[in-house]
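Inspection log for the structure reproduced underneath, given as structure tokens.
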Amino acid sequence: MKPTTKKITNLIRQAINQVDDKAEVILFGSRARGDERKDSDWDILVLTDYPVDLNREHEFRYVLCDLELETAESFSLFVFSKSEWKTKHRVTPFYNSISQEGVRL
């Protein structure tokens with residue numbers, strides 16, 4: 001992982017920990033593969049131990065919004081419960097892609 005990538009991923013992990021320090025955080029997409037462009041966003045998957053409602057998802061988005069302002073980087077966030085991710089999403093290309101290229105933070 002590039003030094004700048006490592007720095008940003010540490011900040012992402014810290015931000016997510018403010019909401020749920022037990023959540024799994026996975027970087028995926030071009031940043032995880034290492035083929036990003038300078039203007040690429042940061043694709044983030046957050047998996048929780050509990051069902052995720054709109055309010056909880058908003059909490060995660062809020063802390064990343066602060067980080068966007070601080071770093072001038074753009075984040076794309078997906079939040080699911082671990083249970084929902086492993087059952088409902090398991091049959092999707094999205095799941096397969098993240099399973100293959102995702103990097104746990």
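Since every read-out is calculated from the coordinates, none of them should be taken as a lab result. Every value quoted in this text rests on a predicted model; they were computed, and no experiment measured them. Quick reminder, even Gly has a Cβ in these numbers, built from the backbone with ideal geometry, and neighbours come from all protein chains shown.
For region 73-86, state whether one or more residues are in contact with a helix residue (DSSP H, G or I) (Cβ under 7 Å, 6 or more places away or on another chain), exposed (fewer than 13 other Cβ atoms within 10 Å of the Cβ) and either among the polar types (S, T, N, Q) or free of Cβ contacts under 8 Å to residues at least 60 places away in the same chain (or both).
Yes, some residue in region 73-86 is in contact with a helix residue (DSSP H, G or I) (Cβ under 7 Å, 6 or more places away or on another chain), exposed (fewer than 13 other Cβ atoms within 10 Å of the Cβ) and either among the polar types (S, T, N, Q) or free of Cβ contacts under 8 Å to residues at least 60 places away in the same chain (or both).
Kindly provide the set of residues from region 55-87 that are within 16 Å of GLU24 (Cβ to Cβ), over 15 Å from the mean Cα position of the chain (by Cα) and not β-branched (Val, Ile, Thr), ordered by number.
Answer for region 55-87, where residues must be within 16 Å of GLU24 (Cβ to Cβ), over 15 Å from the mean Cα position of the chain (by Cα) and not β-branched (Val, Ile, Thr): SER83, GLU84, LYS86.
For region 54-72, enumerate the residues that are charged (D, E, K, R) and surrounded by 11 or more Cβ atoms within 10 Å (Cβ to Cβ).
Taking region 54-72 and keeping what is charged (D, E, K, R), we get 56-57, 59, 61, 66, 68, 70.
Answer for region 54-72, where residues must be charged (D, E, K, R) and surrounded by 11 or more Cβ atoms within 10 Å (Cβ to Cβ): ARG56, GLU57, GLU59, ARG61, ASP66, GLU68.
Are there any pairs, at least 6 apart or on different chains, whose C-beta atoms fall under 8 Å, with the first in region 17-30 and part of a strand (DSSP E or B) and the second surrounded by fewer than 19 Cβ atoms within 10 Å (Cβ to Cβ) and polar (S, T, N, Q), and if so, which?
Here the result reads PHE28/SER97, each pair linking region 17-30 to a residue that is surrounded by fewer than 19 Cβ atoms within 10 Å (Cβ to Cβ) and polar (S, T, N, Q).
When only residues in region 87-104 that are closer than 18 Å to GLU57 by Cβ and of a type in the set (A, V, I, L, M, F, W, C) count, which is surrounded by the most Cβ atoms within 10 Å (Cβ to Cβ)?
Residues of region 87-104 closer than 18 Å to GLU57 by Cβ: 88-89, 94, 98.
Then drop every residue that is not of a type in the set (A, V, I, L, M, F, W, C), which leaves 94, 98.
Working: PHE94: 13, ILE98: 21.
Within region 87-104, the match that is surrounded by the most Cβ atoms within 10 Å (Cβ to Cβ) is ILE98.
In region 31-43, what count of residues is obtained for those that are of a type outside the set (A, V, I, L, M, F, W, C) and outside any loop (DSSP other than H, G, I, E, B)?
Count: 3.
Restricting attention to region 16-52, and to residues there that are of a type in the set (Gly, Ala, Ser) and under 26 Å from LYS88 (Cβ atoms), which single residue is surrounded by the most Cβ atoms within 10 Å (Cβ to Cβ)?
Looking at residues that are of a type in the set (Gly, Ala, Ser) and under 26 Å from LYS88 (Cβ atoms), I get ALA32.
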